[in-house]
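The values are calculated or read from the model by the stated rules, or taken from the named source; none is laboratory data. It should be emphasised that the depicted structure is a prediction, and the values quoted were computed from it without experimental measurement. Cβ placement follows ideal geometry from the backbone for every residue including glycine, while neighbour counts extend to all protein chains displayed.
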Amino acid sequence: MVYTDSHAHYDLKHFNNNRWSLLAECRRRGIGAILVPAIRPESNDTMMQTLDVETYPELLPQLDAEGVRPEELPEIYYAAGVHPTRVWNGTEEDDGWWEQKIRSAAGKKKVAAIGETGLDYHVELTPEMRERQMEWFHRQLRIGEELELPLVLHIRMADDDAISILKRYPLRQSGVVHCFNGGWETAREYLNLGLYLGVGGSITLEPYRASVGEALKKAPLDRLLMETDAPYVRPSWCTDPVNTSLVIPALARELAEIRGIQPEEVEQATTENFWAVYRSRGRHSSMENRLDG
Ligand SMILES: [Zn+2]
């Protein structure tokens, strides 16, 4: 049995001092697979250059320096895309090379999804910023559809607009509403679209705790994935300065408590769901074999 973290940013500088020993520790504590989504357009190159030891053996001395062997690491997959709060750093002239970067990353075998993409209204947007967000949300929805890759969705204070846009797409390839922190009515809309909900630190945080708890109690267990958004969204009880996948087992226990079931059921279901969403590129069997061995 094994946990998964469907959303974490281990390419970021927060992890520069202990990236490999931390990841090995995650694996020892049962985190078998992690999905790392792109944030900036450049992340589509740099996330794998920072983390993918198989493609970039020049990373091996870094592992050595931390006393870690590659086989001690969790499986790491990626999502190619650009985050909704990064799209207004570019202009129309950038659109071409951004899309090229996303498409070229999406062709790599460890890239299992498109994202993170969506809408984020937590800062006040000018009409131009809003237009860029919409444009890049639609663009990535089209790329996901064309390449049949599931979506990693970042939707913050924008559920109504996001849902009405998502309804215009067939969403055959599904996706995950990352860091879901809405109530049951919102959850039901996403679930009806065939999407999954990412369960992370926000279930421990006010003011989401009560409403998200109700939603996660009513949502079918086969539509929930565990996530951290590491280094962000620290659970209320987390005393480490940055959030990491090490909080996943405790978050799973909280979810089990909310639903009145055993933590093992949460572990098993959310890991199965991880592979159900990312199966097109996932290597479930090889990972299970490795963990059993
Ligand atoms: Zn994220």
(message) For region 72-89, check the following and say yes or no: at least one residue is surrounded by fewer than 20 Cβ atoms within 10 Å (Cβ to Cβ) and at pLDDT below 95.
(response) yes
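Going residue by residue through region 199-221, is there one that turns out to be in a helix (DSSP H, G or I), closer than 16 Å to V277 by Cα and at pLDDT 95 or above?
yes
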(request) Check region 144-152 and report whether any residue there is without any contact (Cβ under 8 Å) to a residue 60 or more places away in the chain, within 15 Å of the ligand (Cβ to nearest atom), surrounded by 22 or more Cβ atoms within 10 Å (Cβ to Cβ) and on the phi < 0 side of the Ramachandran plot. (result) yes
(request) Search region 238-268 for residues being modelled with pLDDT of 95 or more, more than 21 Å from the chain's Cα centre (by Cα) and part of a loop (DSSP other than H, G, I, E, B), and hand back the single one that is surrounded by the most Cβ atoms within 10 Å (Cβ to Cβ). (result) I261
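Within region 183-201, track down each residue that is surrounded by fewer than 21 Cβ atoms within 10 Å (Cβ to Cβ) and not basic (K, R). Full working, then the answer.
Keep residues of region 183-201 that are surrounded by fewer than 21 Cβ atoms within 10 Å (Cβ to Cβ), which gives 183-185, 188-189, 191-194.
G183, W184, E185, E189, L191, N192, L193, G194, listed by residue number.
Would you confirm whether any residue within region 123-140 is outside any helix (DSSP H, G or I), exposed (fewer than 14 other Cβ atoms within 10 Å of the Cβ) and in contact with a strand residue (DSSP E or B) (Cβ under 6 Å, 6 or more places away or on another chain)? Let's see the steps before the verdict.
In the first step, residues of region 123-140 are kept if they are outside any helix (DSSP H, G or I); the result is 123-126.
From what's left, exposed (fewer than 14 other Cβ atoms within 10 Å of the Cβ): 123-124, 126.
With the extra rule that they be in contact with a strand residue (DSSP E or B) (Cβ under 6 Å, 6 or more places away or on another chain), the set shrinks to none.
No, that holds for no residue.
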(message) Regarding region 4-11, can at least one residue be identified that is more than 16 Å from the ligand (Cβ to nearest atom) and either touching a helix residue (DSSP H, G or I) at 6+ places or on another chain (Cβ under 9 Å) or within 15 Å of T228 (Cα to Cα) (or both)?
(response) no
(message) For region 225-237: of the residues being buried (at least 19 other Cβ atoms within 10 Å of the Cβ) and within 10 Å of the ligand (Cβ to nearest atom), which is farthest from the chain's Cα centre (by Cα)?
(response) V233
(request) Identify all residues within region 12-27 that are more than 15 Å from L63 (Cβ to Cβ) and in contact (Cβ under 8 Å) with a residue 40 or more places away in the chain; write none if there are none. (result) L12, H14
(request) Tell me, please, whether a residue that is in a strand (DSSP E or B), out of contact with any Phe, Trp or Tyr (no Cβ under 9 Å at 6 or more places or on another chain) and more than 12 Å from the ligand (Cβ to nearest atom) can be found in region 99-117. (result) yes
